[in-house]
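This report refers to the structure that appears directly beneath it.
The values are calculated or read from the model by the stated rules, or taken from the named source; none is laboratory data. Since we're looking at a predicted model, the values are computed, not measured. Glycine also receives a Cβ, built like all others from the backbone with ideal geometry; neighbour counts cover every protein chain displayed. With ligands, DNA and RNA removed, areas are computed over all heavy atoms of the protein, side chains included. Shrake-Rupley method; radii C 1.70, N 1.55, O 1.52, S 1.80 Å.
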Amino acid sequence: MIRAIIFDVDGVIIESAEIKTKAFEILFSDYPDKLPEIVSYHQKHAGISRYVKFRYFYEKILGKKLSQQEEAELGERFSKIVLTQVLEAPLVPGAIEFLTQNKNRYSLFVASGTPEDELQNILTRRQLSQFFLEAHGSPKSKAAIIDDILDRYKFQGKEVVFIGDAESDRAAAEKAGTLFIARITRENPQLKDCRWQVSDLIGLDVLLQNMCDKESDNQ
């Protein structure tokens with residue numbers, strides 16, 4: 001029996017994954033020869049904090065040191081680039097319908113790589129906060145957020161589904177021992193081997209029932 005669903009936001013509830021990708025392209029446009037590697041890393045690790053990515057880009061790809069001040073400035077520039085667009089971006093098809101119809105059926109949560117204060121601002125202004133018991137962002141990792149939810153609410157891993165759109169999301173679910181649904185887009189073809197996947201949230205109810213049926217068969 002599935003008791004709780006934990007959602008990523010970018011690319012799962014809001015169609016904002018490509019907005020974030022474009023923001024990294026803008027921030028690192030001075031390094032055109034490194035952009036393919038930067039974008040590839042971001043897409044594979046879309047679920048992790050932008051600050052973790054900044055440090056990786058500088059240290060591993062650009063071979064440069066990143067000061068705390070420079071890191072903070074990158075974060076501020078990133079937020080300015082994406083915030084208005086994320087507030088105006090469409091919701092993933094089926095998202096609002098699923099949340100409205102199921103907020104009393106499941107315990108609903110958010111685990112995002114977006115900084116927590118920015119995340120709360122977005123959910124409030126998009127009138128999405130009402131659907132979730134809790135919403136958490138960075139600097140906590142998604143694996144830590146999921147572990148904390150399982151611990152405090154006394155959920156077993158098989159009772160919880162995490163819905164994400166990045167390889168790092170799948171890894172977080174596996175580490176926490178929860179079920180995982182991949183939202184497949186053109187930015188994450190590497191997730192097409194996931195057992196459970198959706199192209200949007202329109203058929204999420206049916207998929208969750210199928211998952212319950214399969215889990216029951218395995219017991």
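Among rounded, prolate and oblate, which fits the range 27-151 when a ≥ b ≥ c are the square roots of the eigenvalues of its C-alpha gyration tensor, a/c under 1.5 means rounded, and a/b larger than b/c means prolate? It comes out prolate by the Cα gyration axes. One compactness figure for the range 153-200 is 1.13, namely its Cα radius of gyration divided by 2.2 N^0.38 Å. The 3J(HN,Hα) values that the Karplus relation (6.51, -1.76, 1.60; θ = phi - 60°) gives for the range 104-113 are, in residue order, 9, 8, 10, 7, 10, 9, 10, 10, 10, x Hz. Gly and Pro appear as x.
Rounded to the nearest 500 deg cm²/dmol, what is the calculated helix-only ellipticity per residue at 222 nm for the chain, with -39500 (n - 2.57) per DSSP H run of length n ≥ 4?
Working: 9 runs with 104 residues, N = 219.
So the calculated ellipticity at 222 nm is -14500 deg cm²/dmol.
With the highest mean first, a sort of the peptides 119-126, 16-23 on other beta-carbon atoms found within 10 angstrom per residue produces 16-23, 119-126. Once neighbouring chains are kept in place and the probe is 1.4 Å, which whole percent of the accessible area of the range 1-102 is contributed by carbon and sulfur? That fraction is 49 percent.
Rounded to two decimal places and with Rh computed the Kirkwood way over Cα pairs, what is Rg over Rh for the range 77-146?
Working: Rg = 12.6 Å, Rh = 13.0 Å.
With Rh from the inverse mean 1/r over Cα pairs, Rg/Rh is 0.97.
Our coupling estimate for the range 150-159, obtained by passing each phi through the Karplus curve with A = 6.51, B = -1.76, C = 1.60 and θ = phi - 60°, is 4, 5, 6, 9, 6, 8, 8, x, 6, 8 Hz, Gly and Pro reported as x. Here the label points at LYS103 and VAL206, each 7 Å from Cα along the C-beta direction, are separated by 2.6 nm in the simple model.
Counting protein heavy atoms only, the range 125-219 has 47 percent of its accessible area on carbon and sulfur, 1.4 angstrom probe.
Counting every alpha-carbon pair across the range 10-94, the share separated by more than 17 Å comes to 47%. For the chain, find the longest principal axis of its Cα atoms and tell me its angle to the long axis of helix 116-125, 0 to 90°, nearest 10. The answer is roughly 60 degrees. From the square roots a ≥ b ≥ c of the eigenvalues of the alpha-carbon gyration tensor of the range 97-219, which class results: rounded (a/c under 1.5), prolate (a/b over b/c), or oblate? Rounded is the answer for the range 97-219, as its axis ratio a/c remains below 1.5.
Hey, what's the range 111-219 come to in accessible area per residue, 1.4 Å probe, Å²? Don't jump to the answer; show the numbers that get you there.
Numbers: 5280 Å² over 109 residues.
Per residue, the range 111-219 has an accessible area of 48 Å².
Rounded to the nearest 0.05, what FRET efficiency do LEU62 and LYS154 give with R0 = 45 Å and r taken as the Cβ-Cβ distance? Could you check?
On the way: r = 45 Å, r/R0 = 1.00.
Once the sixth-power term is evaluated, E becomes 0.50.
Leaving out same-chain residues fewer than 8 places away, which lysines sit with a Cα under 22 Å from that of LYS154? Cross-link targets: LYS103, LYS140, LYS142, LYS175. Distance from the Cα centroid of the range 41-97 to that of the range 108-171 is 17 Å (rounded to whole angstrom).
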